[in-house]
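Shown next, in structure tokens, is the structure this report addresses.
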């Protein structure tokens, strides 16, 4: 009894309250869990009940999917997209076992064991998504994929996933595994417009599916996870790497032996395309393909679905896609690319029968950013999902990058068109840029022009001044400037490479991005990301996307106009541009140092057009002689567009542009000496953004008295002298030195006195000893020019300004 009393005493009010509280919390937790489970069960039940009653019938039937229609800028139909047309139905019995095993291995390795959903894979995907903090890992079985593809419901949501899993289980009850695989392999999107393995076999290997090798089966199976990225015609390296992954997985699962794996891995893949249906092709394939690519990007982002799901929706979802295409311009570009009098002569065909050299062009309305026409290659215009070199290929831009990389940034940072750069030998950190032109001083050597304005440096496409500008601005700033102009293919190592100033990139640039950069200059310094689609409607006419162009200012309006004016000079000077235009054109050529890529990118007051020429596997284009082939194509297209569409008379000149007469040797206000340069007047009229015009007068021209025999500065002993105008260079370079002197070396001011004519020898009469030392000193002094004489040799010359009329003195020191 005492023990019981002690225990009773220990049950204090606090302990009783704590027990009661814990019991209450446990009851609440259990109740909450029951409610959540009940709600979850109810929600799942609701989702399942919401499935259309005929869903399974749709999945198991062969009902054609709805057609997507593509329209041009005027609302005219230009293409119909339906995935069922480019399809060859193949019964399960005729599908190679290797092809079936390849798909099962890479898509759903437990396909033969599960009942429609793979529980192990689901938990594996959940774990991986939690670990990575993303939702990138999926767990769809082949059965689920078939359900999704047939119903065309791709939104990523919990509701859709529950419905998809339920229907997969039901489908497995109705169909055998073989029936499911047959339908899946006959409807899956395999890129290049091919739906099903039968169409894919003809599209990629030009043969019946029953004739596919193990290596070819593995390649086709690898395409399905991302038909655009693994398209072997567009990205052969991607496709090959994926094929090897598929083969490795087949080996791991015991579908093939080690020897079969090695033989298939090493088998060369030869792609041969055989068109299986003329109806699957559409007009204007390069533009329509670009629309499809952009629609895939838009839909995958808007609906949060994969790219292959987006492509399936495009080919069977009954969409209406409105585009920027001007059919007149697009047809014109296609005509030019088929004109042998304009296009470079075909040198050879590659293993797939594609003519080489190839070309690409893109035309943009720079005021809106809308692409009006595009050509991704020459040759076949009846294919679909072709390699579009204008949007996909990455090539070295050569000198075509200079206006964007260097001079746009220079104008934004205090340079003017008249700023003078000395084109002389230059090295920094072991990097020594070379110009493309030959020396006029040393035969067979790359040359240097000497003093050049920024405008002249661009006209001559000089490499050394461009690199000097980039170095002075900071190569990291040049890199960032290129990013602002929309280039997406720059590598991190490019940030520390001065060679990007003249087009030497790790990878290169895309033609469409280079054209868009020039379009930004034409558009008064406002960059607009180029686009093909203005609006997308779903099958019910509901707008699911409407374009709002992406814009950003990359240059001041006045500086953009000055750069345009400089680029006009490039065209009219005809130093690197060998054709004439009857309308205003601003533009720049580009040729890589190894001549593997040729470019011309330019614009009229209405349109920007970029053209690239080269071989798909880069080789030197030395066999293309005469006019730059890219320039020839540019003119062929633009001449026709101008005749069809007209052209504004001039580029719009903004307020705040002023003109000054300057000396092109100094970039400063001109003086009378600038007109007396032995090469002729060096006075030019230049334009400036108001506030950046020079206020100082030229101090580079000096007038000096020289000996006519030694050509050096005259002394009092030179019998004949002449006054000449020279240019000052801080560190003159003369022939005979270890470096190639600039072409203007002979106009440099001499820096030493005549050493031919000296003081006459004097007869020394012996005198008293106490004066002999004084006489020797006097004699020694008489051999040197007096201080007054030295001043006269330096020729203090009146510099008469051309505009102000005031007088200035300019004294040149030879020290």
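Nothing in this text is a laboratory measurement; each read-out follows from the coordinates by a stated rule. Since we're looking at a predicted model, the values are computed, not measured. Positions of Cβ are generated from backbone atoms using ideal geometry, with glycine treated the same way; all protein chains shown enter the neighbour counts.
Observations on the structure shown:
- Estimated FRET transfer efficiency (residue 54, residue 507; beta-carbon r; R0 51 Å; 0.05): 0.50
- With a Förster radius of 22 Å applied to the C-beta separation of residue 159 and residue 110, the computed FRET efficiency comes to 0.30.
- Entry note, segment 396-506: relative contact order of 36 percent, from Cα contacts under 8 Å with a spacing of 6+ residues.
- Distance in nm between pseudo-label sites at residue 553 and residue 488 (7 Å out along the Cβ direction from Cα): 2.6
- Computed E for residue 66/residue 655 - FRET, C-beta separation, R0 60 angstrom, nearest 0.05: 0.65
- With 0.36 nm allotted per residue and the present C-alpha distance subtracted, the residue 438-residue 583 stretch has 49.0 nm of extension available.
- Spin-label model, residue 207/residue 695: points 7 Å from Cα along the beta carbon direction are separated by 8.0 nm.
- Span from the segment 412-481 Cα centroid across to the segment 283-303 one, whole angstrom: 42
- When only alpha carbons are used to place a centre, segment 209-259 and segment 553-608 end up 45 Å from one another.
- Of the peptides 265-271, 402-408, 712-718, the ranking by mean beta-carbon count within 10 Å, highest at the top, reads 402-408, 712-718, 265-271.
- Pairwise label distance in nanometres, residue 644 with residue 623, each label 7 Å out on the Cα-Cβ vector: 3.2
- Fully extending the segment from residue 352 to residue 241 would add 38.0 nm, taking 0.36 nm per residue of separation and subtracting the current Cα-Cα distance.
- Given their separation in residues at 0.36 nm each and the Cα-Cα distance between them, residue 26 and residue 543 gain 181.0 nm when the chain is fully extended.
- Cβ crowding within 10 Å ranks 436, 599 as 436, 599, fewest other Cβ atoms first.
- log₁₀ of I(q)/I(0) at q = 0.11, 0.14, 0.23 Å⁻¹ - segment 396-506, Debye sum with one point per alpha carbon: -0.32, -0.52, -1.32
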